[in-house]
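Single-structure report; data block below.
Here, each number is a calculation from the coordinates, and none is a lab measurement. Note that the structure is predicted; figures quoted are calculated from it, not measured. Reconstructed Cβ throughout: ideal geometry from the backbone, glycine too, with neighbour counts over all protein chains shown.
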Amino acid sequence: MVRYVTRRLIQMVFLFLVFLTVTWFLLYILPGDSVALKYAGNPNIPPEAREVALERLGLDKPVLIQFRDYMFNFFQGDLGVSFNQYPRPVVDIIAERLPRTLVLFLAALVTYYWAGFLAGKYLAWRRGNRGEMLVTIGGVGLYSMFLPWFAFMMIWLFSVLLDWLPLSKFLDPEQWRDAPFRANQVFMRLFWVTLIASVALFASGFIARQTRSRRLGRTLRWGGGALAVGGFFFYWYGVDSGQVMRVYAGDIGFHMILPVLVLTLINFAGVMLLTRSSMLETLREDYILTARAKGLPERVVRDRHAARTALLPVATSLVLAVATVIDGGVITEAVFSWPGMGEILVSSVLSEDIPLAVGAFSFIGILALIGHFVVDILYGVLDPRIRVTEHG
Amino acid sequence: MADQRSLPEETHTADPFGSQPILHEVDSWWKIRLTLMRRSLRENWRIFRRSKVGVFGLVIIAFWAIMAVMPTVFFATGFWNPAVYDPVTGLELNPPTRTMTMVERITDPNTEIDRRAVLLDGRIPDTLQIGDTFELPRQPAPPDGRHWLGTDPLGRDVLSQLMHGARASFFLGILAAVVTVVIGTTVGSMAAYFGGIVDAFLMRLADLLILIPGLAILIVIGAVFTFQLWHLAVVIGILSGFGGTAIVLKSQALAVKVKPFIDAARVAGGSARHIIFYHLIPNVMPLSVLYMMFTVTAAIQSEAVLSFLGVLNTDTSWGLMMNLARTQGYLLQVVDFWWLTIPAGLSVTLLSAAFFLVGRGMDEIVNPRLRRR
């Protein structure tokens, strides 16, 4: 196992180097350059100024020297300086944008995985009834919905026609004009508080499942749940540091409703279908027959014996989904004008801001690599039948 | 199993080959192959038909296939005049009009217009006085007898664009799927058969391609090169063929590789190429056809998104129709200009859903463990 992990780690580092190199050169050969783009509209700038700008950005050196410098700096944690937001370091921009993307997409991920798993479980259990085809077709219809179109339809419905939710952006500038915090402080606070509450909620449910006694289980589940939710609200209303931020956090949360809703509607069907297939395979196992033959209640067979095994591919797909969060954000963030990583990715590529684009891509790569690694390890941990062999 | 229950019926049908051993008619090997193929096709169709979801998908695909052929018929029979109905250069010269009154200050933008707007709009004579009325051509025009789905802001027929968009989607989806399957099966089988360094290299390559964020890289490539439709199809095919599809097909090929008939072929002196192409790939094929369907869905969606963002260089596509509606500002006027956004958006959704549904139906053929007990 240790040998496998080390080998995978070495492969990962190598793979990342290749990925970074490919991305760097691919972005470098983009036609035109950022400096030319910036000065194209202004005829009053003398050519000398252009030369100076090129020199300052390090673009006057040969390509390979630039590449070498970039690589050296990269592994010292210096991703360069953004061309368009000169002299802001790329790391700084990414540190600003990453939490926004993570908060939005983790909220959506948790919602749609939870909904999809529940729906898939029931769908497999009640296989073959009339509703199944309807739910499947409806689910697939939502799943293959053309995302930008669907998102705009939802914006139209909820923001234009009903006027319940904000059109776009992640906060209301008017409300934030004399805010004592930067938006990202609130984002981080929101992230941590929600994370702690969710972990508490999950843990109470998990412990409740392990208990033999049904009454104790129920007390634990509801008590733990109430405690987590209560704690969440207590923080914003009772604790001083939370009270100050409450209005602003609420504003961000209000702007998150529509994107999360759209992402959930579109993605939950994928999880649902995956759970259904995996559950159907599990239901054919002998131990399900045994459980039934023992006379266990349907609910116990379904939730304890079948659903737990069926959770395996769903869990791994969840990890992979976390890993590809930024990539998936490209469209959603464009539609909702959500200033996150996906927005950076598109705008930096289109405006030839090479350091920023490579920085964003490298973050995607790191997340995806870690995700794949975690999935491989997780498979072994969750399913002892799968042994890690020499060939990996 | 239901399959076994219905088997006796099968042998009583008038199938010329079904009731007797195939080898009775010793013709040539390809005839036997053909017969076997026909039989398995019929059997698979029987299984497929039972999945209502798959048939539903097939019906939608058939509908769109007819839609894609229609423009040719319409143009050939003269029902449509190319000057008016061409999806790119067509123009409706006599659009419906709307009576407008020139006023000092606009209170109802649908029937009133002010001096500034008259000066900005080249179509209106600027000799108008306050209180005069005139006929303003409406372009985008709502559906009428001539244009069943109305016209777009440039005066082109929406239905014609929709039909040509279906054509583009089919072309793109099928080309991407074929490229994916050819690459995916070959790479997967080779990795499984040779193992060792070949396997490590191909699988790490697959890992690398999975790492690459698909949409973002397509935008980058779209920025570097002028992107035609078939370029996009090939790029999607390569990304998916060397990437995810290869990994799945490799695991399938590994399961096939340990079967006795592979050993038999090897003992009989079959070369690696022979074994891969005649024994491994045919047995991996069903699964790869399944992935073909999912690739079609992905390809149609990526094309729509890229055209919607305006990165792709195509003549007509559903994404481009949405792009026009977006850049001209009709996107959020869903009730007033529904024909500009809803048909195109719905088409992308429907066609990609249809391929996905067919894939689900095929899943039951490929994966017998999913069949109903």
Let me know the Rg and Dmax you get for chain A when you use only its Cα atoms, in Å. 24.9, 87
Scaled by the rule-of-thumb 2.2 N^0.38 Å, the alpha carbon Rg for the stretch A:197-242 gives a ratio of 1.31
Based on other C-beta atoms within 10 Å, arrange A:Trp236, A:Trp164 from fewest to most. A:Trp164, A:Trp236
Cβ density ranking, 10 Å radius, fewest first, applied to B:Thr35, B:Thr295 yields B:Thr35, B:Thr295
May I ask for the distance between the Cα centers of the stretch A:73-151 and the stretch A:166-245, given as a whole number of Å? 20
How far is helix A:130-143 tilted off the main Cα axis of chain A, in degrees rounded to 10, range 0 to 90? 10
Given the Cα-Cα distance of A:Asp60 and A:Asp92 and 0.36 nm per residue of separation, how much length would full extension add, in nm? 9.1 nm
Dipole of chain A, positive direction: furthest Cα of A:Gly223, A:Val375, A:Trp236, with charges on the beta-carbon: A:Gly223
Below 8 Å, C-alpha to C-alpha, sequence gap of six or more: please give me the relative contact order for chain A in percent. 29
Taking Rh as the Kirkwood radius computed over C-alpha pairs, what is the Stokes-Einstein D of the stretch A:170-230 at 25 °C in a medium of viscosity 0.890 mPa s, expressed in µm² per second? 179
Between the modelled labels at B:Gln228 and B:Asn81 (7 Å from Cα along Cα→Cβ) the distance in nm is 3.2
Equivalent ellipsoid, chain B (semi-axes from 5 times Cα gyration tensor eigenvalues, Å): 54, 26, 16
May I ask for the equivalent-ellipsoid semi-axes of the stretch A:235-392, computed as the square root of five times each C-alpha gyration tensor eigenvalue and listed largest first in whole Å? 38, 24, 16
Computed about the Cα centre, the charge dipole of the protein assembly as shown from +1 Lys/Arg and -1 Asp/Glu charges at the Cβ has a magnitude in debye, to the nearest 20, of 4080
Out of A:Leu104, A:Leu26, A:Leu147, a Gaussian network model of chain A with alpha-carbon springs under 10 Å gives the largest mean-square fluctuation to A:Leu26
Neighbour net charge for B:Gly173 - beta-carbon separation under 14 angstrom, K R +1, D E -1: 0
How would you rank B:Trp230, B:Trp318, going from fewest to most other Cβ atoms within 10 Å of each one's own Cβ? B:Trp230, B:Trp318
Given H placed on each backbone N at 1.01 Å, which residues far from B:Thr97 in sequence or on other chains put an amide H within less than 5 Å of it? B:Arg138
Local net charge near A:Val18, Cβ-Cβ under 15 Å (Lys/Arg +1, Asp/Glu -1): 0
Give a quick list of chymotrypsin sites (Phe, Trp or Tyr not before Pro) in the stretch A:43-143 that DSSP marks as loop, anything other than H, G, I, E or B, with at most 12 other Cβ atoms within 10 Å. A:Phe75
Its Cα gyration tensor gives the stretch B:97-137 an equivalent ellipsoid whose semi-axes in whole Å, largest first, are 13, 12, 9
So which lysines pass the test for A:Lys61, namely a Cα distance under 24 Å, with those fewer than 8 places away in the same chain ruled out? A:Lys38
Greater than 32 Å separation of Cα atoms is the criterion. Which listed pairs, B:Lys31/B:Lys259; A:Lys169/B:Lys52; A:Lys121/A:Lys294; B:Lys52/B:Lys257, meet it? A:Lys169/B:Lys52; B:Lys52/B:Lys257
If R₀ is 30 angstrom, what is the calculated FRET efficiency for the pair B:Ile130 and A:Leu161, using the beta carbon separation as r and rounding to 0.05? 0.30
Relative to 2.2 N^0.38 Å, what does the C-alpha radius of gyration of the protein assembly as shown come to as a ratio? Two decimals please. 1.08
Relative contact order of the stretch B:208-292: what whole-number percent is it, with Cα pairs under 8 angstrom and at least 6 residues apart? 31
Which is farthest toward the positive dipole end of chain B among B:Gln161, B:Gly150, B:Gly54, measuring Cα position about the Cα centre, with Cβ charges +1 (Lys, Arg) and -1 (Asp, Glu)? B:Gly54
For the stretch B:97-137: relative contact order, % (alpha-carbon pairs under 8 angstrom, 6 or more apart): 51
Please work out how much length the chain gains when fully extended from A:Asp286 to A:Leu378, using 0.36 nm per residue of separation minus the C-alpha to C-alpha distance, in nm with one decimal. 30.7 nm
